[in-house]
1. One residue is enough: does segment 17-24 have a residue meeting the conditions aromatic (Phe, Trp, Tyr) and in contact with a helix residue (DSSP H, G or I) (Cβ under 7 Å, 6 or more places away or on another chain)?
2. Of the conditions (1) outside the structural domain of TYR14 (by TED's automatic domain parsing); (2) crowded, with 18+ Cβ neighbours inside 10 Å, HIS258 satisfies every one except a single condition; which number is it?
3. Starting from residues that are surrounded by fewer than 16 Cβ atoms within 10 Å (Cβ to Cβ) and more than 11 Å from the chain's Cα centre (by Cα), keep the ones in segment 1-14 and report whichever is modelled with the lowest pLDDT.
4. Being without any contact (Cβ under 8 Å) to a residue 24 or more places away in the chain and among the aliphatic types (A, V, I, L, M) is the filter here; which residues of segment 245-276 pass it?
5. Testing LYS271 on (1) touching a Ser or Thr at 6+ places or on another chain (Cβ under 9 Å); (2) closer than 27 Å to ASN207 by Cβ; (3) of a type outside the set (Asp, Glu), one condition comes back false. Which one is that?
6. Output yes when any residue across segment 57-75 is polar (S, T, N, Q) and over 17 Å from VAL42 (Cα atoms), and no when none is.
Amino acid sequence: MNYYFAPMEGITDYIYRQIVWKHFPYADKLYAPFIQPNEKPVIVPKEYNEICPENNKGIPTVPQILTRDAVGFIQVGEILEDMGYEEINLNLGCPVRLIVSKGKGSGMLADLDSLELFLDTIFTHNWKAKITVKTRLGLTDNSDFDDLLKVYSKFPINELTIHPRYRSDFYSGEPRLDEFNKVQQLIDNCCEDSLHNISICYNGNINSKTDRDNIIQEFPYISSIMCGRGALSNPALFRELKGGNKMTREEFISFHDHIYESYHEIVAKEKHFLHKMQEMWTYWNQYLCIELEMMRKIRGVSSISEYTSVINHLFDTIL
């Protein structure tokens with residue numbers, strides 16, 4: 001089983017990926033937040049910094065493209081191939097309203113004819129890299145996931161990552177495993193429109209070995225598992241999934257301090273830096289289960305000195 005760290009816009013930037021890889025280098029792949037093709041330059045400097053080889057040395061990084069423009073996808077893909085990337089991921093899962101309103105991300109799932117034309121165009125290109133796809137079940141729960149799967153089965157997608165929620169679900173509620181099971185049904189049909197040659201990756205609510213075991217037992221045909229929020233909450237999750245130890249207090253403090261020092265150095269405004277750390281604690285708390293009063297103090301800090309005082313007190317009690 002392969003384990004992938006999902007991209008999360010605004011959080012898993014190259015600095016975060018460098019830090020988590022130094023402390024917990026257990027994911028088989030780390031997907032970078034999406035690139036959106038532009039006219040000039042095709043990749044803007046901020047996005048270039050995310051995927052340039054010098055910022056990803058030794059890290060099994062996979063770049064991701066978000067666009068409804070097939071020509072733009074090919075243009076960015078060619079640049080990524082020249083950088084040496086052997087896999088390029090297409091984002092058809094982003095549920096953010098602004099993205100969806102422009103017909104990108106999971107917004108592309110609203111029109112399967114247009115999606116098929118888009119895929120047909122990009123797969124006529126002579127790729128050196130593998131093309132993988134990350135998708136949801138559809139735009140709304142009125143969508144037909146069977147029809148979407150039949151579209152994907154027509155193309156040489158190397159791996160299909162499925163987040164079994166509709167766009168309208170965002171990240172709430174339980175994953176729709178009954179819909180995910182339709183993948184197996186299509187494989188079993190053994191017809192021309194089958195998924196036999198596409199590896200399947202599961203993504204959604206994997207926070208522990210128990211979660212992983214339950215998914216593998218129910219869907220034994222999957223070859224990979226992608227974790228996002230679970231891996232942010234518990235930086236050692238991939239180590240645990242591979243049979244390793246849980247994160248120790250000392251490991252977490254070292255990891256936190258590295259995050260703190262790195263972002264403190266580059267985030268100029270104090271309030272922006274504090275917001276960054278508070279956002280990280282929102283995830284870490286899902287694993288650490290800190291007392292409510294302590295979390296209120298973390299969310300309420302208004303200066304770096306106050307933050308340091310609160311966190312030092314917390315470190316005496318966690319784990």
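1. yes
2. Every condition holds for HIS258 apart from (2).
3. So the residue we want is GLY10.
4. Selection gives VAL267, ALA268.
5. Condition (2) is where LYS271 drops out.
6. yes
Condition check ((1) crowded, with 19+ Cβ neighbours inside 10 Å; (2) modelled with pLDDT of 95 or more; (3) not assigned by TED's automatic domain parsing to the domain that holds GLU86) across all residues:
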| site | (1), (2), (3) |
| --- | --- |
| GLY107 | yes, yes, no |
| HIS125 | no, yes, no |
| LYS150 | no, no, no |
| SER172 | no, no, no |
| ASP211 | no, yes, no |
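The values are calculated or read from the model by the stated rules, or taken from the named source; none is laboratory data. Just so it is clear, the structure is predicted and the values come from calculations on it, not from any experiment. All Cβ positions, glycine included, derive from the backbone under ideal geometry; neighbour counts span all protein chains shown.
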